[in-house]
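The values are calculated or read from the model by the stated rules, or taken from the named source; none is laboratory data. Here the structure is a predicted model, which means the values were calculated and not measured. FYI the Cβ positions are ideal-geometry reconstructions off the backbone, even for glycines, and counts take in every protein chain you see.
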Amino acid sequence: MKEVTIASIGELNAFTSRRRFLQLMGAGGALVLLPGFFAACEDSSNTGGISGPGSGSTLTIDFALGDVAVLQFAYILEQLEADFYSRVVAAFTPTSEITLADQPVLADIRNHEVVHREFLKQVLGSNGNFTVAPIYGATNFTNRASVLAAAKAFEELGVAAYNGAAQYFTDVTNLLFAAKIVSVEARHAAAIRDLLTPLGADFAPTSFDNAFRPSKVAFATQPFIENRLEFANEPSVFVERPNSNG
């Protein structure tokens, strides 16, 4: 397996063209990200919560674009998750209630979500030139219960979103990449559940994960994003999955 060490966004962009980046990931390659990478990913201008949910600029996902629209929708979710976990890790202080045992797990999830975000940005190219502004409401990033409750909601929504959107891909390569991401998101969800209920049966409460239609995911996501999310030409057909509440 080929392994590439990246210290910054600039190095990631210089390392590879979009085609070579996709080839590396498709072949099971690994990116080793140094601490400087995550510092470079922080957007100091995005404070979040300045205005209410849906009060900012409109982000329209046009499903007439096919796979591009599905990937754009996933990119919105990954931006939200990457930002959330980056804030969680930044709040690791001596006064935080996040335990020393929790911190490596949450930091690893942060790393994964940042890679997911940057990967989708590379895949989308010029179609990924937008940034969402997250809002976290009453989430207290130094309170363990508050952080884990939000993390659980984000991870399970992400799994349901990928499961539901998978049926709209027409390119099997895009479907493969989405499958590789959603399987990791499901591991995140199980890990968060295990932090909440250690060694319990709650890590995977059902035999089939949910699959939500895009409109349901957007409704659940909107309270956490300042941008107004809108759809155009959303598919009317949605194939239900076992145990789906979509």
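Only one of (1) of a type outside the set (V, I, T); (2) in contact with a Lys or Arg (Cβ under 6 Å, 6 or more places away or on another chain); (3) at pLDDT below 95 fails for Q79. Which number is that?
Of the numbered conditions (1) of a type outside the set (V, I, T); (2) in contact with a Lys or Arg (Cβ under 6 Å, 6 or more places away or on another chain); (3) at pLDDT below 95, the odd one out for Q79 is (3).
For the condition in a helix (DSSP H, G or I), at pLDDT 95 or above, in contact with a helix residue (DSSP H, G or I) (Cβ under 6 Å, 6 or more places away or on another chain) and not β-branched (V, I, T), what is the one hit in A160, A178?
Result of the check over A160, A178: A178.
For the range 129-144, does any single residue satisfy the condition of being of a type outside the set (D, E, K, R), crowded, with 17+ Cβ neighbours inside 10 Å and part of a helix (DSSP H, G or I)?
No - not one qualifying residue is present in the range 129-144.
Among F92, F84, F38, F73, which is farther than 23 Å from A178 by Cβ, within 18 Å of the chain's Cα centre (by Cα) and either at pLDDT below 95 or surrounded by 12 or more Cβ atoms within 10 Å (Cβ to Cβ) (or both)?
One residue alone meets the criteria, F38.
If a residue has to be surrounded by 10 or more Cβ atoms within 10 Å (Cβ to Cβ), closer than 23 Å to A165 by Cβ and β-branched (V, I, T) to count, how many in the range 191-209 make the cut?
Total meeting the criteria: 1.
Which condition number in (1) assigned to a helix (DSSP H, G or I); (2) out of contact with any Pro (no Cβ under 8 Å at 6 or more places or on another chain); (3) touching a residue at least 12 places away in the same chain (Cβ under 8 Å); (4) within 19 Å of F73 (Cβ to Cβ) is the one that I192 fails?
All conditions pass for I192, except number (4).
Of the residues that make up the range 86-100, is at least one in contact (Cβ under 8 Å) with a residue 60 or more places away in the chain, in contact with a helix residue (DSSP H, G or I) (Cβ under 9 Å, 6 or more places away or on another chain) and either under 18 Å from T173 (Cβ atoms) or hydroxyl-bearing (S, T, Y) (or both)?
So far as the range 86-100 goes, no, none of its residues is in contact (Cβ under 8 Å) with a residue 60 or more places away in the chain, in contact with a helix residue (DSSP H, G or I) (Cβ under 9 Å, 6 or more places away or on another chain) and either under 18 Å from T173 (Cβ atoms) or hydroxyl-bearing (S, T, Y) (or both).
Inside the range 59-97, can you point out the residues that are among the charged types (D, E, K, R), assigned to a helix (DSSP H, G or I) and farther than 17 Å from A218 by Cα?
Correct list: D67, D83, R87.
Within the range 46-68, count every residue that is modelled with pLDDT under 70 and either under 20 Å from the mean Cα position of the chain (by Cα) or aromatic (F, W, Y) (or both).
Counting residues in the range 46-68 that are modelled with pLDDT under 70 and either under 20 Å from the mean Cα position of the chain (by Cα) or aromatic (F, W, Y) (or both) gives 4.
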